[in-house]
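Down below is the structure, laid out as structure tokens.
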Amino acid sequence: MRVVENSYPLPANSIGKLIEYDITNLRIMVTMNSSRNSSELAYFATGCFWGAERRFWQLPGVIRTSVGYMGGHKDNPTYEEVCTGKTNHAEVVEVNFDPQQISYQRLLEEFYTMHDPTSLNKQGGDIGTQYRSAIYYTNSEQEALAFNAAKVYGKVLAKSGIGPIVTQIEDAKSHKYWLAEEYHQRYLEKNPNGYDCHSSTGIAYPSVDELQLKQQLDPLSYEVLRNGATERAFTGEYTDTETVGVYKCKACGNELFRSETKFHSGCGWPSFYAPSEDDAVILLEDRSLAPRIRTEVRCAMCNSHLGHVFEGEGFDTPTDQRWCINSVSLILEPR
Ligand SMILES: [Zn+2]
């Protein structure tokens, strides 16, 4: 039997360094394990920041919020300067959150539905680049999730004839956050009847109902899909299955893999050499076993954990990739 180590080969001089390895044709997007931190920053622009800040501070798991200006070209701008539109700053909410209590994905879902992300440089009656829709990400996991959520929500909106999403998604490192004047901070707490822009598409984000999922799934499937656990090798229902059909996400039904790309790797988990479509999955850099760095595979539709992908192991497949996926994260629909 062929022995396959469930990790990517580690360069000898890699300890304590960021390992850069080239995986051809794979989209490596992320540095993960924000979940190890007790707080993380996120920046969102949804038009007037007064109402936006309140929506974020009301979410359980959000530690602290403030409002400010980002994305422009003048240092320390005033509200009046930003309002002219000439500094090109956006009104932004800084969200400090606990990733153990609220996921960045959940913040994104709130972001995309609390305003109209298809409206260019205006929200309702507020017109100008300062009211643009924008996300400034603070790590590569946020980057991957923000772009993916735009794609997922964009498809839902397109079905209703709305779109496209015009949200600016950029690295926060390139845009200093300037705290706004004190009277703007928690404005609607100081002025409960103050202005709160309610522009939105009115279309719900296709969120996962966590409670319902927990009730529907067996405990192992839930632990794997939602908490990133791994089933024991050689125990999964589909490890060596050859049935012709389509493998779908057990949490949301998204098509992920086809039997045509399944092969016997001997590793103890179902192995595929490619997903059905590139955008069926999201790839995240997984540092949970640091210094070993792996590439995690999640469902692009519901952000559930599926497994990992490895490359360059010498398998005689068209891609030389091994998409090592937990059986319990999949449902096989025979054809
Ligand atoms: Zn899914």
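Please treat every number below as a calculation from the coordinates, not as lab data. Since this is a predicted model, take the numbers as computed values, not measurements. We place every Cβ from the backbone using ideal geometry, glycine too, and count neighbours over all the protein chains shown.
Quick notes
- Charge dipole (debye, nearest 20) of the range 69-161; +1 at Cβ of Lys and Arg, -1 at Cβ of Asp and Glu: 480
- Leading residue at positive end of dipole, the range 40-190 (Cβ point charges), from GLY72, GLN101, GLY128: GLY128
- On the basis of the beta-carbon distance and an R0 of 30 Å, GLU189 and VAL166 show a calculated FRET efficiency of 0.50.
- The chain: relative contact order in percent, alpha carbon pairs under 8 Å with at least 6 residues between: 19
- GNM on the chain, alpha-carbon springs under 10 angstrom: the most fluctuating residue among ALA280, ALA149, ALA251 is ALA280.
- Rounded to the nearest 20, the size of the Cβ-charge dipole of the range 36-112 about its Cα centre is 120 debye, with Lys and Arg at +1 and Asp and Glu at -1.
- Checking the cross-link pairs LYS151/LYS250; LYS122/LYS159; LYS86/LYS151; LYS74/LYS151; LYS173/LYS214; LYS122/LYS176 against a 27 Å limit on the alpha carbon distance flags LYS86/LYS151; LYS74/LYS151; LYS173/LYS214 as lying beyond it.
- Peptides 74-80, 138-144 ranked from most to least packed by the mean count of surrounding Cβ atoms within 10 Å: 138-144, 74-80.
- Each peptide in 240-250, 191-201 was scored by the mean count of other Cβ atoms within 10 Å over its residues; highest first, the order is 240-250, 191-201.
- Two-site FRET efficiency, ILE203 against ASP98, from Cβ-Cβ distance with R₀ of 22 Å, rounded to 0.05: 0.15
- Signed unit charges on C-beta, dipole axis of the chain, positive-most listed residue THR46, LEU220, ASN303: THR46
- Estimated dipole of the chain in Debye, rounded to 20 [Cβ of Lys and Arg +1, of Asp and Glu -1, Cα centre]: 240
- For the range 40-190, averaging the sequence separation of C-alpha pairs within contact (under 8 Å, six or more residues apart) and dividing by the residue count gives a relative contact order of 33 percent.
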